[in-house]
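Here is the structure we will look at.
The values are calculated or read from the model by the stated rules, or taken from the named source; none is laboratory data. All values reported here derive from a predicted model rather than from experimental measurement. Using ideal geometry, Cβ is built from the backbone for each residue, glycine included, and neighbour counts are taken over all protein chains shown.
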Amino acid sequence: MNAYVPILVVMTIAVVFSLLFLVLSKLLGPSRPDPEKLTAYECGVPTRGSTNLRFYVRFYVVALLFLLFDLEAAFLIPWAVSFRSFVADGVGYSMFAAMTVFFGLLVVGLVYEWRKGALEWE
């Protein structure tokens with residue numbers, strides 16, 4: 001349990017300082033709200049109409065697909081960097097088989113999404 005004390009101390013200091021700076025900025029910082037500052041503002045374009053519009057599900061599907069293939073790249077880079085050293089150690093072929101299964105599952109997911117029309121933007 002003593003091994004975790006330094007981590008607990010650092011986390012406590014981080015939380016205390018974060019809260020301290022948030023409170024100090026709220027108390028000491030200038031606060032001059034006006035109607036212009038309180039308006040909704042996105043991408044430099046003033047809002048027209050209600051801001052409570054529903055988004056199409058396609059936006060979320062595209063975002064999830066992006067995350068899926070972003071994670072694929074995140075797993076591929078360390079694997080590719082360490083592959084040669086693992087081949088020299090004799091475990092490279094099992095690593096290759098595991099990564100082939102991983103990519104196969106991702107390709108099956110991509111083909112499924114493609115057939116369902118998730119990649120078509122209408």
Problem - Close pairs from the stretch 94-122: first within 17 Å of Val61 (Cβ to Cβ), partner at pLDDT below 85 and part of a helix (DSSP H, G or I), Cβ under 6 Å, at least 6 apart - result: Leu106/Glu72; Ala118/Val61
Exercise for the section: Identify, by number, the condition in (1) modelled with pLDDT under 85; (2) part of a helix (DSSP H, G or I); (3) within 24 Å of the chain's Cα centre (by Cα); (4) not β-branched (Val, Ile, Thr) that Phe102 doesn't meet. Expected result: (1)
